[in-house]
Structures are given as structure tokens and as C-alpha cells.
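What follows is a single structure, written as C-alpha cells, with notes after it.
The values are calculated or read from the model by the stated rules, or taken from the named source; none is laboratory data. Predicted, not measured: the structure shown is a model, and the values here were computed from it. Note that we place each Cβ from the backbone using ideal geometry, even for glycine, and neighbour counts take in every protein chain shown.
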Amino acid sequence: MQRWDPFTMMEAMHREIDRAYRERAGDRAPGRWHTAFLPGLGARQYPLVNLSDDAQNVYVEALAPGVDPKSLDLSVAQGTLTISGEKPGLAQVTAEAYHRNERAAGRFTRTIDLPADVDAARVSAEYRNGLLVIALPKSEEAKPRQIPISVM
């Protein structure tokens, strides 16, 4: 019979909480949360993205209205996708004239951890109607393999 030890349980919970914090903050930016429910931080994530995958590709849809597609730059390295560019502001309005300024403008960079290894040489991107759609083909090692089962 195994004896119940509350300290072992607390240590396991501590490790699980630490892991959750690392996943949410990312190992590159310890202690930095990226959630929309925290005021001031979620709004700074630009562009907003959807990330999905299937057996062949990883897909990123980035919402970037008002961005000149020529200003966009994409790079893939070490399991991350980086989207950078510039969103122009209204040049005729001075900062003192604003009563409310919720629409951000200026340079931006967004780094997204990819859920699988991708073939960077075959990445494709398309910008239409303010939506940047990126298809990142998975590397052969990351694709699921069917393993035949022999019956004896």
C-alpha cells in the first residue's frame, strides 16, 4: 500500500503550473503573458492570427487590414514563423487632436511557434482583402506515416 504524501502532490502541481506559465509566455519571453483578457497586452498582438494544420500543411491566417502587402516580411526559422511589416496611420491627424486612438499604426513583428517542422523552401503566402494566408508544408519527418501491420 502506497502512503499518501501531500508534498509530492504539491510538487507535481507546482511543476504543472510552471509548465503552463512557460507555454503561455514562451521560453523566449519569460514572464510575459500574451492573452487577450489581460488589458493592454492582448491588444498589442498584431496581427491577430488563426493557426491550424492538417496532415500535409500548417496554415496561418493573419488579419492585417490596411497593411500594404509590399511592407510585409515573412521568415521561417527553428520552428517559428515571423511576420513583420508596417501599418500606416492617418498622417493628417496630430496626436493632440485624438480623443480616442484604438487603431494601432506603425511597425509590427509577430512571432508564432509552429506545431510541426516545416519545409521553409516551399512556404507560400497570399494577401487578399486584409487577410494574409500562409501555407507552410510540413517536412517529411513531421508528416504522419501509415505503418502496415502484418498478420501472422
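Annotations
- Listed conditions (1) farther than 20 Å from GLY66 by Cβ; (2) not in a loop (DSSP other than H, G, I, E, B) are all met by ILE149, apart from (2).
- Residues of the range 112-132 classified as outside any loop (DSSP other than H, G, I, E, B) and either more than 15 Å from ALA64 (Cβ to Cβ) or not assigned by TED's automatic domain parsing to the domain that holds GLY66 (or both), total: 6
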